[in-house]
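Take a look at the structure set out below.
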Amino acid sequence: MRISVKVKPSARETRVEKSGEEYLVSVRSPPVEGKANAELIEALAKYFGVPKSRIRIVAGQKSRKKIVEID
C-alpha cells in the first residue's frame, strides 16, 4: 500500500492524522541527518500496527511531502 504523507518536523508532539487522502504526521525531531524520517517511520509503524522494517519512504526523502510504502 502506498500513502501520501505530509510531515511537520520539530512539532510539540508526535502524532498521525488522516486528512482526506493524505496523512499529516507531526514529529518532534528536527529535519537533520534523517532524524525526522526515522521518527516518521516509527510513528507510522505504531499507527498501522506493523514492524518498522515494513515501512519505507519511496519518494521525498528531503521533502515535507513524501510517498511511503507499507508492505
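Some observations on this one:
- Filtering segment 1-43 to residues that are closer than 11 Å to Arg64 by Cβ and charged (D, E, K, R) leaves Lys6, Lys8.
- Subset of segment 1-21 [out of contact with any strand residue (DSSP E or B) (no Cβ under 7 Å at 6 or more places or on another chain) and exposed (fewer than 10 other Cβ atoms within 10 Å of the Cβ)]: Arg12, Ser19, Gly20
- Within segment 38-71, restricting attention to residues that are of a type in the set (Ser, Thr, Tyr) and surrounded by fewer than 13 Cβ atoms within 10 Å (Cβ to Cβ), the residue that is nearest to the chain's Cα centre (by Cα) is Ser63.
- Only residues that are loosely packed, with under 15 Cβ neighbours inside 10 Å and either touching a helix residue (DSSP H, G or I) at 6+ places or on another chain (Cβ under 9 Å) or closer than 11 Å to Ile3 by Cβ (or both) were counted in segment 25-37, giving 1.
- Flag for Ala59 being out of contact with any Lys or Arg (no Cβ under 6 Å at 6 or more places or on another chain), without any contact (Cβ under 8 Å) to a residue 24 or more places away in the chain and more than 17 Å from Met1 (Cα to Cα): no
No lab work stands behind these numbers, since they all come straight from the coordinates. For clarity, every value in this text was computed on a predicted model and none was experimentally measured. Cβ: placed from backbone, ideal geometry, glycine included. Neighbour counts: every protein chain shown.
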